[in-house]
Amino acid sequence: MHQHGIGAWLAKRRLKSPDKVALVHGDDVHGDQSTLTYRQFADGADRVAAALRCLGVGKGDAVAYLGENSPDFLQVMFGAARLGAAFVPVNTRLAPPEIAHVLTDCGARVLILDPDFTRRVAGVRTPPLITTGVGTTDAPGLARLSDIDVADLRPADVGMDDPAAIIYTSGTTGLAKGAVLTHANLTWVALNCIVDYDVVSTDIALMISPLFHVASLGMGALPVILKGGTLVLEKGFEPGRALAQIQRYGVTMLSGVPTTYQLMADHPDWAATDLSTLAKLTCGGSAVPVRILDAYEQRGLSFSQGYGMTEASPGATALPATMTRAKQGSVGLPHFFTEVRIAADGTLAPPGTIGEIEIAGPNVFPGYHRQPAATSAAFTADGWFRSGDLGYLDDEGYLYIAGRLKDMIISGGENIYPPELELLLSEIDGVTGAAVIGVPDARWGEVPWAILTVREGSGLDGDAVRQFLDGKIARYKMPKNVIIVDELPRTASGKVRKADLRARFGG
C-alpha cells in the first residue's frame, strides 16, 4: 500500500519531531491551555482513522465535519486522509437548509459534530452522527470511539490525484458547489506558502480564521504542519484575546481579513501588547486600507496581501510585504508553482489591459463534485481555470483586481453571491423584482444591500424581508439595508444594470 497524500504527513512528523508542540488549544487565555505534540497529534489521527473504518468509511467516501477550530477538526481531516476518504468541512455559519444541501450533495458517510452545533442540525436529515468529546446517549463521542486499537490500521492506497477534501463554495447560480481538492492540490498550495511566505519549523501560527475556510486550512494550517511548526487554535476571533495570545505564545504568523486587523489595531490593548515576534502577516479577502497599513507600520509590521479562490486551494498570487507600498493596490505575483494570465476577447491581454483572470498550476482543482457541466464551463480549452474575476497585469507581472464578472460581494472575508439571495428574495409574496449589490462598509469591507420592486399595497418593508430570510441563509448574507424602488434599471434584454444601482446607492 502506498500512501502518497497528506494522510502520510503526521506519521512522518511523528518520526522527525515527535516531542515538538504541534497544537495549542483551550478556552481561557489566563488559565490552562492544552497542547498536543506531533506524536500525540499523529496518534490521535490514527485512532480517528480506526474509528471511522469501524463505521464503514473507506476510500472514496466523504466524511463531513461541523465545528469550530480544534484538534478534532485536524485529526478528523488527517484520519480521513489515511483511509482515502474526502474531508468535507461544513461552514458553521450556514443555516440548516444550506447544511442539508452540503451533506446530501457530498453523500457524507458520517458527520462529526461539535455538540455546540447540535441545534443547527435538528430537523436536518444527517448521515450517522458522531460528536466530538465523549458524546451522548444518542450519538457516540469521538473520544470513546478513539479507544479503538490502531495496531492493525493499514493505510489505504492513496495517490496524489485522489480527492482529499470537498470544499463548498457558493455558486452564482444558487446552491453551493463542492470544489474537489486533491492531495496534490493541498500539497502544492502548502509548498507555495512555504516558498513565498518563508514558513519555517520555528513558526507559531495563531489561527483566528475558521479552518473550514480553505485559506485558513490550505495556507495556514497545512504549511505549518508540513514544516513541523506550531498552531495555536482559536475557536473564534476576539481582538483583545488575539493580542493576548500573540504576546503569550510569541506568535510569528497571523492571517486574516482587513476587518480582523482593523479591530486589533483599534483595541485598547493594542499599544501595550508586545508584537515583537510577529514576522508574517498575511491578508486576503480585499485590499488593506491605508489607515490599517499605517497603524501596523508604526509597530514595524507590514502585510503580505494575496488573491485566490477555493478552486485554487486557494492561493493564486502573493504580494511580498516589502512591496506593499511600491505596489499599493496590487495583489502581487503568481505563487511560485502557479501561473496567472489575463484573457480578453479570447486572446491574451497585453499589460495594463483588463480581462478575465485565469489560473493554472498543480494547486488548481480538477473540478466540481458531480457537476460535469459546471466543471467544463470553469476551464478554457487549454486547461486554465476561469476565475470569473476581472483584473490586469502591470508591466512587471503584478496583478491588480479590477472588478468581478459575477458581482460577488466579499463581506468580512466571506463570499456572498447576489444570485443566491436574489433567488430567495423573489420567492417573497409581493416582491416583483430583486437585485443585490455590495455597498462599501468601514468595518466589513462590503455589505449586501437588497434593492426591490414590490406589488402595490403589499405592505412589504425591510423588517418583513429580513424575517422571511431569517434561518434560510447564513447571518453574514443578510442584507444590511432593504430599499424599495419604483423600478430597477434594466438592459434591453431585461438584465438588471447593477452598475447603475451601485452608482446610485454604493456611495
- Which one is modelled with the highest pLDDT, of the residues in segment 133-176 that are surrounded by fewer than 16 Cβ atoms within 10 Å (Cβ to Cβ) and charged (D, E, K, R)? D161
- Task: Please enumerate the residues belonging to segment 93-108 that are surrounded by 20 or more Cβ atoms within 10 Å (Cβ to Cβ) and outside any helix (DSSP H, G or I).
- Result: L94, A108
- Right, L111: closer than 21 Å to T131 by Cβ, assigned to a helix (DSSP H, G or I) and either outside the structural domain of A151 (by TED's automatic domain parsing) or in contact with a strand residue (DSSP E or B) (Cβ under 9 Å, 6 or more places away or on another chain) (or both) or not? no
- Task: Quick one: count up the residues across segment 101-134 that are without any contact (Cβ under 8 Å) to a residue 12 or more places away in the chain and not hydrophobic (A, V, I, L, M, F, W, C).
- Result: 1
- Query: Of all residues in segment 177-223 being in contact (Cβ under 8 Å) with a residue 60 or more places away in the chain, outside any helix (DSSP H, G or I) and polar (S, T, N, Q), which is surrounded by the fewest Cβ atoms within 10 Å (Cβ to Cβ)?
  - Reply: S201
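Out of contact with any Phe, Trp or Tyr (no Cβ under 6 Å at 6 or more places or on another chain) and of a type in the set (F, W, Y): does that describe Y398? Spell out the reasoning first.
Numbers: out of contact with any Phe, Trp or Tyr (no Cβ under 6 Å at 6 or more places or on another chain): yes; of a type in the set (F, W, Y): yes.
So Y398 fits the description; yes.
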- Matching residues in segment 224-252 - criterion: being part of a loop (DSSP other than H, G, I, E, B) and among the β-branched types (V, I, T): V251, T252
- Starting from residues that are out of contact with any strand residue (DSSP E or B) (no Cβ under 7 Å at 6 or more places or on another chain) and crowded, with 24+ Cβ neighbours inside 10 Å, keep the ones in segment 45-71 and report whichever is modelled with the lowest pLDDT. A51
- Message: Out of A86, A11, I need the residue that is closer than 19 Å to M160 by Cα and surrounded by fewer than 24 Cβ atoms within 10 Å (Cβ to Cβ). Which one?
- Response: A11
- Task: Could you tell me which residue of segment 414-439 is surrounded by the most Cβ atoms within 10 Å (Cβ to Cβ), considering only residues that are of a type in the set (S, T, N, Q) and in contact with a Ser or Thr (Cβ under 6 Å, 6 or more places away or on another chain)?
- Result: N415
- Query: If M253 passes every condition in (1) surrounded by fewer than 23 Cβ atoms within 10 Å (Cβ to Cβ); (2) more than 13 Å from the chain's Cα centre (by Cα) but one, which one does it miss?
  - Reply: (1)
- Item | Exclusive hit being on the phi < 0 side of the Ramachandran plot, among the hydroxyl-bearing types (S, T, Y) and in contact with a Pro (Cβ under 7 Å, 6 or more places away or on another chain), set T131, T126 | T131
- Note on the structure: Out of (1) in contact with a helix residue (DSSP H, G or I) (Cβ under 8 Å, 6 or more places away or on another chain); (2) at pLDDT 95 or above, the one V124 does not meet is (2)
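The values are calculated or read from the model by the stated rules, or taken from the named source; none is laboratory data. Predicted, not measured: the structure shown is a model, and the values here were computed from it. Here the Cβ is made from the backbone with ideal geometry for all residues, glycine too, and neighbour counts use every protein chain on show.
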